[in-house]
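First the structure, in the form of structure tokens, and then the observations on it.
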Amino acid sequence: MEPQESSISRQVEPRNGSTWTVDEDALLIRLKSSSASWEEITDRIGRTEYSCKIRCRRIMAQARQRVDKNELARLYDSHKEQMWTKVANKMSPDTSWIVAELNHWSINRSEMAKRVGKEFLTEAPDPVYLLQLEAKLAKNDEAQVQSQQQDQQQSTHNSPWSGHEEAILLAKYRANLKWNDISTYFNFPERTPKACELHYSFLLKRCGGWSPELQNKLCKVYERLKQEMWIPIGEAMSVSWQTAEELHWEIGKGAMAERAGASLIPQPAADLALAPREPGQTTKEWLNLVCQ
């Protein structure tokens with residue numbers, strides 16, 4: 001639900017009961033955007049650090065609701081070659097930044113986050129490590145069995161494949177074992193021959209033939225570089241890089257492409273009673289202007 005107009009500017013400062021003014025809001029935004037410390041901010045504004053942090057949090061939450069998604073899409077479109085070239089350079093020598101960018105959408109947000117874990121391998125395990133994985137999976141202590149049973153009772157869907165399970169699945173298939181034989185390496189009844197075949201097929205088709213290990217490497221490289229990749233866009237929009245990165249997932253691949261070609265719609269900040277943005281003006285340019 002959209003907050004009521006001017007809801008932020010009318011909120012009362014919790015410590016001394018005084019209302020924040022438009023000028024104070026503008027100064028707070030300008031100082032925070034310039035990476036000033038909270039000590040510097042409180043000295044300039046004359047309010048407590050607690051008050052400034054609460055106020056800043058409210059303004060940023062409101063700003064996130066009003067963030068121009070078209071602007072984000074256009075900035076991403078203009079920056080993505082530079083962003084994803086960083087990733088591609090850390091992958092295999094023949095990896096195209098275009099393919100890397102497309103495949104991050106194919107893997108999706110939750111899978112990208114999950115595959116950062118150490119158990120998701122970036123290369124096929126050597127024979128000794130594979131034996132260790134098999135022994136670890138075969139051990140399957142009572143607590144793990146109980147946890148698996150609880151998961152099955154709570155959901156009608158099969159439990160997610162672990163990184164260790166995937167490593168064994170891939171190794172056994174590459175060793176030319178049949179699906180019936182491969183399924184015997186897993187302790188849970190849901191890892192049927194058909195389930196093993198389907199999961200293997202899914203992994204191979206998801207990213208146009210990329211090996212699962214290369215997909216895992218993409219996830220890990222992106223995790224290491226995403227702050228560096230998204231900072232320029234966050235700064236251009238006067239939002240945190242985390243906000244920009246999270247929002248690109250929320251908008252999605254198709255909508256990002258559509259919005260990148262959409263016409264700019266000025267976004268006035270009615271809640272702060274500031275001047276509306278002009279066409280072609282980035283959020284940072286607008287904030288710098290109104291905060292002068």
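The values are calculated or read from the model by the stated rules, or taken from the named source; none is laboratory data. Not measured: the values here are computed from a predicted model. Virtual Cβ from ideal backbone geometry, glycine too; neighbours counted across all protein chains shown.
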Conditions (1) assigned by TED's automatic domain parsing to the domain that holds residue 171; (2) at pLDDT 95 or above -> residue 248 fails only (1)
Discussion item. If I filter segment 106-126 for residues that are modelled with pLDDT of 95 or more, at positive phi and either of a type outside the set (Lys, Arg) or surrounded by 12 or more Cβ atoms within 10 Å (Cβ to Cβ) (or both), do I get at least one hit?
Written reply: yes
Within segment 127-159, the residues that are at pLDDT 70 or above and either loosely packed, with under 12 Cβ neighbours inside 10 Å or farther than 20 Å from residue 199 by Cα (or both) are 127, 128, 129, 131, 132, 135, 136, 138, 139
Those residues of segment 228-262 which are under 23 Å from residue 107 (Cβ atoms) and in a loop (DSSP other than H, G, I, E, B) amount to 252
